[in-house]
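**Q** What follows is a structure written as structure tokens; I'll ask about it next.
The values are calculated or read from the model by the stated rules, or taken from the named source; none is laboratory data. Predicted, not measured: the structure shown is a model, and the values here were computed from it. Quick reminder, even Gly has a Cβ in these numbers, built from the backbone with ideal geometry, and neighbours come from all protein chains shown.
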Amino acid sequence: MNEVLSLALIFVLGTAIVLDLRWRRIPNWLTGPAILAGFGLHTAMNQWTGLIFSLEGAAVGLGLFLMIYVAGWMGAGDVKLYAAVGSFLGPVQTLSAVIIVALAGGLLALVVLGASLGWRTMGVQCWNCVRTMVLTGAVQPVVPERIAAPKVPYAVAIGLGTIWSYWWSPI
């Protein structure tokens, strides 16, 4: 990827991480221009081919995270941020990066849960879930319903996962 694209993507992801950690929001004033920047930079480098490449990447990113948003597990800002990521990476690398983003998100969720519930309590709850699933086949939540599940600043997972997959990607 071109250095300008890389720097712009790192700037967007870094800004999103800071905003999500501070206010638990990823605003439209960041994601909208980021998507347009991905479109514009790819168009400037490769004309119509670049624009199509960027549009496909944004559509893949939006489509993947939109399903999670509809299920109520993610905020709209996260979805728009991943559409922006897609506009920079293109369809194949966006699809590839989502695997690393999901792994980073799972680890981040465990850290947030451990910090919120306490590490021992979280370990006991996770063990109880696994034991129940193995013995009965039933799935129970890790966080009891009487306790509000902590919010995960998913921009951290999107940012770190995207950067990690970008530099490790054989594509």
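**Q** Pairs needed: first member in the stretch 30-47, within 17 Å of Gly159 (Cα to Cα); second member anywhere, crowded, with 20+ Cβ neighbours inside 10 Å and charged (D, E, K, R); C-beta distance under 9 Å; at least 6 residues apart or different chains.
**A** Leu30/Lys80; Thr31/Lys80; Gly32/Lys80; Ala34/Lys80; Ile35/Lys80
**Q** Go through Gly90, Gly72 for me and flag whichever is surrounded by 18 or more Cβ atoms within 10 Å (Cβ to Cβ) and either over 12 Å from the mean Cα position of the chain (by Cα) or farther than 26 Å from Phe11 by Cα (or both).
**A** The unique qualifying residue is Gly90.
**Q** Which residue is modelled with the lowest pLDDT, if the candidates are limited to the stretch 4-42 and must be out of contact with any Ser or Thr (no Cβ under 6 Å at 6 or more places or on another chain) and among the small types (Gly, Ala, Ser)?
**A** The residue in question is Ser6.
**Q** With respect to Ile35, is the statement that it is under 16 Å from the mean Cα position of the chain (by Cα) and crowded, with 18+ Cβ neighbours inside 10 Å true? I'd like the intermediate steps shown before the answer.
**A** Values: under 16 Å from the mean Cα position of the chain (by Cα): yes; crowded, with 18+ Cβ neighbours inside 10 Å: yes.
Yes.
**Q** Checking Ala148 against (1) out of contact with any helix residue (DSSP H, G or I) (no Cβ under 7 Å at 6 or more places or on another chain); (2) assigned to a helix (DSSP H, G or I), which single condition isn't satisfied?
**A** (2)
**Q** Filter the stretch 53-83 down to residues that are assigned to a loop (DSSP other than H, G, I, E, B) and among the small types (Gly, Ala, Ser) and give me whichever is farthest from Ile26 (Cα to Cα). Steps first, answer last, please.
**A** First, the residues of the stretch 53-83 that are assigned to a loop (DSSP other than H, G, I, E, B): 71-75.
If we keep only those that are among the small types (Gly, Ala, Ser) too, we end up with 71-72, 75.
On the way: Ala71: 19, Gly72: 16, Gly75: 9 Å.
It comes out as Ala71.
Matching residues to (1) more than 16 Å from Ser165 (Cβ to Cβ); (2) touching a residue at least 12 places away in the same chain (Cβ under 8 Å); (3) of a type outside the set (Asp, Glu):
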residue: Gly75; (1), (2), (3): yes, yes, yes
residue: Gln93; (1), (2), (3): no, yes, yes
residue: Val98; (1), (2), (3): no, yes, yes
residue: Thr121; (1), (2), (3): yes, no, yes
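**Q** Consider the stretch 45-69. How many of its residues are among the aromatic types (Phe, Trp, Tyr), under 22 Å from Trp167 (Cβ atoms) and either over 14 Å from the mean Cα position of the chain (by Cα) or surrounded by fewer than 18 Cβ atoms within 10 Å (Cβ to Cβ) (or both)?
**A** Looking only at that region, the number is 1.
**Q** Out of the residues in the stretch 144-166 meeting the condition of being surrounded by 15 or more Cβ atoms within 10 Å (Cβ to Cβ) and among the β-branched types (Val, Ile, Thr), tell me which one is farthest from Phe11 (Cα to Cα).
**A** Val152
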